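The values are calculated or read from the model by the stated rules, or taken from the named source; none is laboratory data. None of these values were measured; they are calculated from a predicted model. Note: ideal-geometry Cβ built from the backbone for every residue, glycine included; neighbour counts use all protein chains shown.
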Amino acid sequence: MNIQIPITGKISWIGVNDRRKPLFENMWPLPHGVAYNAYIIDDEKTALIDTVDASAAGDFLERIAEHLQGRPLQYLVINHMEPDHSGMIDALAKRYPALQIVGNKRTFKILESYFGVTQNLLEIADGDRLDLGRHQLQFILTPWVHWPETMMTYDAAEQLLFSGDAFGAFGAFSGGIFDDETLVERREDETLRYYSNIVGQYSGMVQKALAKLKGVPIRTVCPTHGLVWRSNPSKIIDLYDRWSRYESQPGVVVAFASMYGNAEQMADYLARRIAEQGVRDIRVLDVSTTHLSFLLSEIWKYRGVLLGSCTCNNLLHPLMEQLCTKLTHIVPKNKIAGAFGTFSWNGGAVKHLRHTFEALQWPLAAEPVEIQGRPTPAKLRSCDVLAIAMAEKIRN
Ligand code: FEO
C-alpha cells in the first residue's frame, strides 16, 4: 500500500505492508504478513512518528517527500528502536540534514550503538511536550513494553495515542487499516500471538503503562503494527489489559510430543475424556507440527494446560523441551497444569514436565500420568483421574 491515508487532523498513516518476510525477527512465522505503521504530521511543523523496516520500505522516502510537498521533515519521534521501526532513521537523517530526532535517554543510547547517530538529538523526559502548531505532542515513557526505551506519544488535539508496539498485532492490511474497515474478530488470534510472543513476557510493565494511561482520553490508538483503532479503541486496550493480567478462557490446551504415536494416543484420550466432562473448548496440538509461537499463543489463551511427551533418551522430546524452556522465560500465570507421557525404558519425560510446572508455579490438576510401552485401553484408563480433575477445575 504505497499511499498515505488520512487519519484525523493533520495526521496520516504512511506505513508499509510486508508479505515477503517468512519469519518475523527470524523466529515467528508470518502466515498473514505484517504491517509496519509510521505516521506523518503535516502541521506548522512537520513530524514523522517512527519509521519502517528497511527491507520492506520500498519508496517510503519518496512518499514522505511527496506528502510534504517540498517542505522539510523537521522532527522524527522514535517511540521504539527495534529495527522494524528504526530501519529508516539513517536514511532520513541523510535526506533531511536538519532533522531533529526526538527520543529519551535510553533511545539515544541504542540509536548510537545501532546507527552511530549522535547529532541533532532532542532528548525528552516523561511528560515533556513538543509544539507542532495545532498538534501538541506529549511523551509518555513506558519502559520495557518490550524494550527498555519504549515510549508512547500522545496528541491532545485529536486525543490520539501513538503507542509503539503496544496494542500491535501480526497481519498485513488487506485494504482496510482502521478497525471499522475490517472484521476485527478475524484478526484477534494474530493479535494474541503477537502479544504472547513479543510483549507478554513484560506483562507487568504493560500493566504499568496502562496505569499511566488511566484518565487519558483516547479516541484513536495508532500502534506500530496492526489496525488503527479509531472507532472502538477500548477494544484493543481491554484485550491488552486482560492478556497482561493473565486472564484466560475456560478451555484446555493439550500439547503433545510423540515419536511413535503413543503420547499422541494419550493426548487424544485425555481430550476425549475432558470433552465428555462438559468442557467445550479444547485444542489438541502436536508440537512437532505446530510452531512454538502458536503453541504459546494458545497456552496464553486457555486456563488448562496439559503437556505430554514421549521419553527420548531419558529426556523430553526436544521440541517439548523447547516449549518448556520458552514457558519458563515468559512465565504465563493463572494456569491449571497436567503432565502425561510415556516411560520408554527408564522414564524421564514426565519427571521433566513436573519440574517445569514447579518452576512455573502452576498447580497440578492431578498427579502426572505415565504409561510404559503401548497405551492399551486398560493403561489409558490411568488418564481418567487427570482428565476428570482438569475438567472439573475448568468448569468451576
Ligand atoms: Fe515492532 Fe519491538 O518491534
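When residues in the stretch 21-38 are screened for being in contact with a Gly (Cβ under 8 Å, 6 or more places away or on another chain) and of a type outside the set (Val, Ile, Thr), 7 of them pass.
When GLU370 is tested against (1) in contact with a Phe, Trp or Tyr (Cβ under 7 Å, 6 or more places away or on another chain); (2) under 26 Å from LEU239 (Cα atoms), just one condition goes unmet, and that condition is (2). Any residue that is within 16 Å of the ligand (Cβ to nearest atom) and touching a residue at least 60 places away in the same chain (Cβ under 8 Å) - is there at least one of those in the stretch 174-186? Checked against the condition, which is being within 16 Å of the ligand (Cβ to nearest atom) and touching a residue at least 60 places away in the same chain (Cβ under 8 Å), the stretch 174-186 yields no hits at all.
The residues of the stretch 234-269 that are outside any helix (DSSP H, G or I), surrounded by 19 or more Cβ atoms within 10 Å (Cβ to Cβ) and among the hydrophobic types (A, V, I, L, M, F, W, C), listed by number, are VAL252, VAL253, VAL254, ALA255, PHE256, ALA257. For the stretch 215-232, the criterion of being of a type in the set (A, V, I, L, M), over 30 Å from ALA38 (Cα atoms) and either outside any loop (DSSP other than H, G, I, E, B) or not assigned by TED's automatic domain parsing to the domain that holds LEU307 (or both) is met by none of the residues.
Residues being within 14 Å of the ligand (Cβ to nearest atom) and not assigned by TED's automatic domain parsing to the domain that holds LYS326 are represented in the stretch 56-66 by at least one member. Quick one: is ALA38 touching a helix residue (DSSP H, G or I) at 6+ places or on another chain (Cβ under 9 Å), outside the structural domain of LYS326 (by TED's automatic domain parsing) and surrounded by fewer than 18 Cβ atoms within 10 Å (Cβ to Cβ)? Here the answer is no, as ALA38 does not meet what is asked.
Identify the residue in the stretch 97-153 that is hydrophobic (A, V, I, L, M, F, W, C), without any contact (Cβ under 8 Å) to a residue 24 or more places away in the chain and in a loop (DSSP other than H, G, I, E, B) and, among all such residues, is surrounded by the fewest Cβ atoms within 10 Å (Cβ to Cβ). I'd like the intermediate steps shown before the answer.
So the first thing to find is which residues in the stretch 97-153 are hydrophobic (A, V, I, L, M, F, W, C), and the list is 98-99, 101-102, 108, 110-111, 115, 117, 121-122, 124-125, 130, 132, 137, 139-141, 144-145, 147, 151-152.
From the residues that got through so far, the ones that are without any contact (Cβ under 8 Å) to a residue 24 or more places away in the chain too are 108, 121, 124-125.
Now narrow it down to the ones that are in a loop (DSSP other than H, G, I, E, B): 124-125.
Values: ILE124: 21, ALA125: 9.
Per the stated criteria, the residue is ALA125.
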